[in-house]
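Below: one structure, written as structure tokens.
The values are calculated or read from the model by the stated rules, or taken from the named source; none is laboratory data. Computed from a prediction, not measured in an experiment: that's the story for all the values here. Methodologically, a virtual Cβ is constructed for each residue, glycine included, from the backbone with ideal geometry; neighbour enumeration extends over all protein chains shown.
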Amino acid sequence: MVTMSSEPRAGAAQSHMPTARDLLDQGLVVSPSTLAEVREGLSGIGGAGSMRFIEIRMYGGLQFRLLPDRGLDVSSAWYGGIPLAWHSRVGETPPLGVPRDQDWLKAFGGGIVATCGMQNVGASSEGHGLHGGFSHQVAHELSWKRELRGNDLVIEVNGVVSEIDPLGVQLRCQRQITTLTGTPRMIIRDTVANLGAQPTPAPWLYHVNIGAPLWSGGAQLQIPSRARLPRDDASESASGNWSIQMLDTPDCAEMVLEHVFDEETPGRARVTNPGFGVELIIEWDRSTLPRLHQWLHRAQHVNVLAIEPANCSVLGRNADRSAGRMPMLGPGEQRSTTLSITAASVDVE
């Protein structure tokens, strides 16, 4: 299970705010939607690129946007008026269906969470495209609810994402996303099940994309790893400065490092920018996501940091198979993963 950090419920000013229950019980607020708002709609109405979205705004919490037509991934995210996610110029685009080769990258708009899997992660391999097809599947059985739990209002969104071949691989993911008032946090819980009759590869990675202004001058990254392994020669240059934001030449290459942890170390990364008074804490369950990759691209007009908890490499399924490290699910077997993203206020320097 993810062990949540003992961060303040929100910022210093927010810690003294009345709870959602206080406001409702005292009759100061009559509609729960005032404190926990859910808005559903279509982007690009009338065009070929129309997609569903679900926007969530929480009192004393986060504001974020879900994309049901892109695997129920999380696009934008805001805290205290500050955007947290990185976005590319591609923007929010409709799903490609079955992305091949490098197609995934052509439709990669960023967002705070882009999910990779369910049949491949990393380089295209064995007929599967870069990072697999999860984020190009349309979520079905979609529902959401708002309820009072303890002193807080909780929003819970549920959906199912499937990659089904009637005569072959049959993988099904039950996704649940929760957030609450008074705490700037979202939690993503995924349960992937093999509904087929044969064992199947089931690699998985959360692509958590962070950009400016959070990832700008003065920003620092903290990860309690004991070693960093560069993916390739171009990534070697990040081995000594992986924890700081900096810009490089426009033609610089992307860099990828794998962080190595001691067995008992929890899955946690922290991005802090004292200049904006905000930090972001990413936590995951290392029992099912034992590996962590870091993506850096320091070119001007890119400037992205990605934290990538995973159960596999980013070299593609053939590389994992050859290394004897292919994540598998047997017939009827399922695997649950949890990712938590929490924003908090820090003292401004």
Tell me, which residue of the range 258-274 that is part of a loop (DSSP other than H, G, I, E, B) and either under 20 Å from ASN209 (Cα atoms) or β-branched (Val, Ile, Thr) (or both) is modelled with the lowest pLDDT? PRO274
How many residues are closer than 17 Å to GLY132 by Cβ and without any contact (Cβ under 8 Å) to a residue 24 or more places away in the chain when one looks only at the range 165-214? 2
So, restricting to strands (runs of 3 or more DSSP E) that lie completely within the range 148-203, which ones have at least 2 residues that are over 20 Å from the mean Cα position of the chain (by Cα) and either at pLDDT below 95 or buried (at least 22 other Cβ atoms within 10 Å of the Cβ) (or both)? 152-164
Go through LEU315, LEU305, LEU296 for me and flag whichever is out of contact with any Gly (no Cβ under 9 Å at 6 or more places or on another chain), surrounded by 16 or more Cβ atoms within 10 Å (Cβ to Cβ) and under 30 Å from PRO250 (Cα atoms). LEU296
I want to confirm something. Restricting to the range 111-147 and keeping residues that are part of a strand (DSSP E or B), hydrophobic (A, V, I, L, M, F, W, C) and crowded, with 22+ Cβ neighbours inside 10 Å, which single residue is farthest from the chain's Cα centre (by Cα)? CYS116
Residue satisfying condition, being without any contact (Cβ under 8 Å) to a residue 60 or more places away in the chain, surrounded by fewer than 19 Cβ atoms within 10 Å (Cβ to Cβ) and either small (Gly, Ala, Ser) or out of contact with any Asp or Glu (no Cβ under 9 Å at 6 or more places or on another chain) (or both), within set LEU42, LEU96: LEU42
At pLDDT 95 or above, in contact with a Ser or Thr (Cβ under 6 Å, 6 or more places away or on another chain), crowded, with 20+ Cβ neighbours inside 10 Å and under 27 Å from PRO199 (Cα atoms): is that true of THR288 in this structure? no
